[in-house]
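Structure first, commentary second.
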Amino acid sequence: MLDRSAHAYCPYCGEPVELLVDPGGASTQEYVEDCEVCCRPWQVTVRIQPDGTPTVTLDTLDG
């Protein structure tokens with residue numbers, strides 16, 4: 001069963017965040033989202049593992 005959320009940390013301010021995962025999306029999903037605390041944009045990469053567990057990577061966009 002696919003988890004519908006994943007946890008990560010803002011690469012700028014370190015704030016913990018919970019991201020919703022699109023269960024109907026591809027096994028790899030990429031999009032840009034802003035931090036709710038510091039308002040800086042991240043490149044979000046979500047990879048769905050074969051068992052349905054999402055792994056999330058947040059990268060800065062200023063580099």
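Every number here is computed from the coordinates shown, using simple stated rules; none is lab data. The structure presented is a predicted model; accordingly, all values stated were derived computationally and were not measured. No Cβ is skipped: glycine too gets one built from the backbone with ideal geometry, and neighbour counts run over all protein chains shown.
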Self-check item: Unit charges at the beta carbon, dipole of the chain: most positive-side option, 6, 60, 48
Solution: 48
Quiz item: Suppose every K and R has +1 on its Cβ and every D and E has -1 on its Cβ; what is the size of the dipole of region 5-60 about the Cα centre, in Debye to the nearest 20?
Solution: 120 debye
Exercise. Express in % the proportion of alpha carbon pairs of the chain at distances exceeding 14 Å.
Key: 52 percent
